[in-house]
1. Name, by its number, the condition in (1) β-branched (Val, Ile, Thr); (2) free of Cβ contacts under 8 Å to residues at least 24 places away in the same chain; (3) surrounded by 15 or more Cβ atoms within 10 Å (Cβ to Cβ) that does not hold for Val184.
2. What are the pairs with Cβ atoms under 9 angstrom where one residue, in the range 127-140, is closer than 15 Å to Arg205 by Cβ and the other, located anywhere, is part of a helix (DSSP H, G or I) and of a type in the set (Asp, Glu)? Sequence gap at least six, or different chains.
3. In the range 144-201, how many are within 19 Å of Ala277 (Cβ to Cβ), of a type in the set (Ser, Thr, Tyr) and under 25 Å from the mean Cα position of the chain (by Cα)?
4. Do any helices (runs of 4 or more DSSP H) lying entirely in the range 242-331 carry at least 2 residues that are within 26 Å of Thr152 (Cα to Cα), assigned by TED's automatic domain parsing to the domain that holds Pro173 and touching a residue at least 12 places away in the same chain (Cβ under 8 Å), and which ones are they?
5. In the range 298-315, is there at least one residue being more than 30 Å from Pro269 (Cβ to Cβ), surrounded by 13 or more Cβ atoms within 10 Å (Cβ to Cβ) and either hydroxyl-bearing (Ser, Thr, Tyr) or touching a Gly at 6+ places or on another chain (Cβ under 7 Å) (or both)?
6. Which residue, of Arg108, Arg133, Arg163, Arg137, is of a type in the set (Lys, Arg) and not in a helix (DSSP H, G or I)?
7. For Phe107, state whether it is buried (at least 19 other Cβ atoms within 10 Å of the Cβ) and more than 29 Å from Gly221 (Cα to Cα).
8. What number of residues in the range 166-190 are in a helix (DSSP H, G or I) and farther than 25 Å from Trp68 by Cα?
Amino acid sequence: MTIVHNFSTLSPDSILNALDSIGLQTDGRLLALNSYENRVYLIGLENMAVGIENHTSVVAKFYRPDRWTDAAILEEHSFLQELIEHEIPVVPPLAFDGKTLLEFAGFRYAVFPKHGGRAPELEDRKTLEWMGRFLGRIHAIGVLKPFQHRPTLSIESFGVTPRDYLLTHNFIPPDLDAAYRSVVEQALDGVRDCFNRAGKVSNIRLHGDCHAGNVLWTDDGPHFVDFDDSRMGPAIQDLWMLLSGERADMARQMSDVLAGYEDFYDFNPNELHLIEALRTLRLIHYAGWLAQRWDDPAFKQAFPWFNTQRYWQDRILELREQIALMQEPLL
């Protein structure tokens, strides 16, 4: 189902008025940040509100309507607070009159303190080990209880459902339809084989979208931001996106990550079977995500290459490569 959007009614005035309504006196500065699923803004302040002393600006996230229930959003906020209580450096939303999920003019939103930082240098072995320690600490808390209102990463939700959406809504060019149908089915069979080889794998609470763009690095180490995709899933989901390059490079990188990770959380080596399977699911899911949001004008501007003939030719080739990679030995 296409997720409805009505961000066209989210004007600069309504954004600033939303913050004014909770007692934050804005100074008119408004900068849109790099986010497409939601709308996220850096907003300047004139006053210093309780809880955000020494901050001259905050980050406001306006949630895409109808994507998450209130309960699912609050569960994300609760997870962040739980991590903070265990002194794990994440950036939780601020509370106003005891509430972290706010509403104004029909939009749900949350306000976060601004946190500076730079992208982590993932080619550095010490950085990877530090990232591993950080993720191990998060997973040690994530395993303590399950999410009740947020989904589980599964073959169905990340592979079958987006595949079906693409096919039933005629996104694939007619001359490539047969090829795409064939290769995506082979890819999903390969994913199922990988999960079967992995055997019983535990699902825990995850960050869910653990790439370098969601990490702010300072001299004190990493801070994760944007837990919007937080869900249940295998621990390896938060590790594999730190890997890149040739097979030997990824093997070394995984060794560096696990050197720090296993100081805080035991890694199940059977989950190594899932690295290329999860990468394959992400590729299918990403194409489906773009298709589901294609009625949002911001997506057409940001992703002009989507749904072109070349785009689908590349996706077919990409999935063929993944089919081969899923048959290779473990790292």
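The values are calculated or read from the model by the stated rules, or taken from the named source; none is laboratory data. All of these numbers come straight from a predicted model, not from anything done at the bench. Glycine gets a Cβ as well: all are built from the backbone with ideal geometry, and neighbour counts include every protein chain shown.
1. Only one criterion is unmet by Val184, namely (2).
2. Here the result reads Leu135/Asp238; Ile138/Asp238; His139/Asp238, each pair linking the range 127-140 to a residue that is part of a helix (DSSP H, G or I) and of a type in the set (Asp, Glu).
3. 4
4. Qualifying helices (runs of 4 or more DSSP H): 247-261, 275-292, 309-325.
5. Yes, there is a match, as at least one residue in the range 298-315 is more than 30 Å from Pro269 (Cβ to Cβ), surrounded by 13 or more Cβ atoms within 10 Å (Cβ to Cβ) and either hydroxyl-bearing (Ser, Thr, Tyr) or touching a Gly at 6+ places or on another chain (Cβ under 7 Å) (or both).
6. Arg108
7. Taking the combined requirement at face value, the residue satisfies it.
8. Total satisfying the criteria: 17.
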